[in-house]
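One structure is given below, represented as structure tokens, and several questions about it will come after.
The values are calculated or read from the model by the stated rules, or taken from the named source; none is laboratory data. Keep in mind that what you see is a predicted model, and the values were worked out from it rather than measured. Note that each Cβ is placed from the backbone with ideal geometry, even for glycine, and that neighbours are counted across all protein chains shown. The protein model used for the area step is the full one, side chains on, heavy atoms only, and it has no ligands, DNA or RNA in it. Shrake-Rupley method; radii C 1.70, N 1.55, O 1.52, S 1.80 Å.
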Amino acid sequence: MANILAVGIATLDIINSVAAYPAEDDEVRAIDQRVCRGGNATNTLTVLSQLGHRGHWAGVMVEEPDGRHIEADLERHRIDRSAVLRLAQGKVPTSYITHNLANGSRTIIHYRDLPEYPFAEFKKLALGRFHWLHFEGRNVAETRQMLAWAAAQAPGVTRSLEIEKERDGIDALFPLADVLLFSRPFARGRGHDEALSLLRALHPRYPAATLVCAWGAAGAWALDRHGEHHSPAFAPPRPVDTLGAGDTFNAGLIDALLQRQDLGTALAQACRLAGRKCGYQGLDFINQGAQK
Ligand code: ADP
Ligand code: FRU
């Protein structure tokens, strides 16, 4: 059991399941609707918690009815929230998600109007009690200070950084993390049609880092100073829901690396876990029995 701190967001996810993805300007009926907590960092923590770890969330919460929904879910997963910054006013970030029942795809429209978690809060944390620090590459200026502070205050604690979207100056974060988790949209935005092409381009600049890039149903690639690795995806018997596959992948990788598995094995474990998740609705799948 490890203590894992994740800095990032919790959202309210409003998920409409439809029989087929609608065309623009269509009017379609949702077959099902679910409202649940989401957000990359907290999704990853709830999976890590099911794997037996103790998750600690550093993010911003608002005292409003939707916020209570989020709190209840984090409580259910025993996520420690003592690092949370609580605001009296505002709106929790909300995602409007179209879930295509035909293939499990998820299309996300995300709305946010809330300050990001600031370095001033992060600085108050006693970092030495954590075994792993995970960051979303969001607010570059604040995240940069957090990563640099963590490197100085707790140099022995591994820092992973998720780079999902292009943001101004985000490269400044790369030398400050040990494990860099890139997304397919990020790679494509930088002109790479393949994961390995991005990783090979970055490796000379960050030779000590572990570079990882997940690529949906094609699996994932990784590169570190010892070499390159690929794991295929593990397709579930029936693709049900891919929302949070990447967050689950990150949890699987963190768990495997904490257990000192080599990178190739860790990559395969992360893909296996994410693939299994795609066969279930939601993220509470680890203690589920065989699929129906
Ligand atoms: P995100 O949720 O961030 O879009 P990705 O699509 O990159 O994440 O997927 C992350 C990982 O989840 C992949 O490396 C793969 O192992 C697994 N995965 C994603 N989609 C599927 C799928 N349709 N079938 C099996 N595994 C999948
Ligand atoms: C899935 C997810 C959703 C959330 C959105 C935020 O990866 O974390 O739960 O609404 O992404 O970008």
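Taking region 172-188, which residues are in a helix (DSSP H, G or I), open to solvent by less than 70 Å² (accessible area, probe 1.4 Å) and more than 21 Å from ALA150 (Cβ to Cβ)? Reasoning before the result, please.
At the first step, the residues of region 172-188 found to be in a helix (DSSP H, G or I) are 172-176, 184-188.
From what's left, open to solvent by less than 70 Å² (accessible area, probe 1.4 Å): 172-174, 176, 186-187.
Result: PHE186, ALA187.
Looking at GLY275, is it in contact with a Pro (Cβ under 7 Å, 6 or more places away or on another chain), on the phi > 0 side of the Ramachandran plot, near ligand 1 (Cβ under 7 Å from one of its atoms) and of a type outside the set (A, V, I, L, M, F, W, C)?
On the way: in contact with a Pro (Cβ under 7 Å, 6 or more places away or on another chain): yes; on the phi > 0 side of the Ramachandran plot: no; near ligand 1 (Cβ under 7 Å from one of its atoms): yes; of a type outside the set (A, V, I, L, M, F, W, C): yes.
For GLY275, the condition - in contact with a Pro (Cβ under 7 Å, 6 or more places away or on another chain), on the phi > 0 side of the Ramachandran plot, near ligand 1 (Cβ under 7 Å from one of its atoms) and of a type outside the set (A, V, I, L, M, F, W, C) - is not met.
Of the residues that sit in region 21-36 and are open to solvent by less than 60 Å² (accessible area, probe 1.4 Å) and either touching a strand residue (DSSP E or B) at 6+ places or on another chain (Cβ under 7 Å) or of a type in the set (Phe, Trp, Tyr) (or both), which one is farthest from GLY137 (Cα to Cα)?
ALA30
Take the conditions free of Cβ contacts under 8 Å to residues at least 24 places away in the same chain and either under 20 Å from THR158 (Cβ atoms) or not in a helix (DSSP H, G or I) (or both) and apply them to HIS230. Does it pass?
Against the criterion (free of Cβ contacts under 8 Å to residues at least 24 places away in the same chain and either under 20 Å from THR158 (Cβ atoms) or not in a helix (DSSP H, G or I) (or both)), HIS230 does not qualify.
Still on this structure, I have one more. Please find, within region 84-133, the residue that is farthest from LEU161 (Cα to Cα) out of those that are within 15 Å of ligand 2 (Cβ to nearest atom), of a type in the set (A, V, I, L, M) and in a loop (DSSP other than H, G, I, E, B).
Among them, the one singled out is VAL92.
Now for a different question. So which residues in region 238-267 are within 11 Å of ligand 1 (Cβ to nearest atom), of a type outside the set (Lys, Arg) and more than 17 Å from SER183 (Cα to Cα)?
PRO239, VAL240, ASP241
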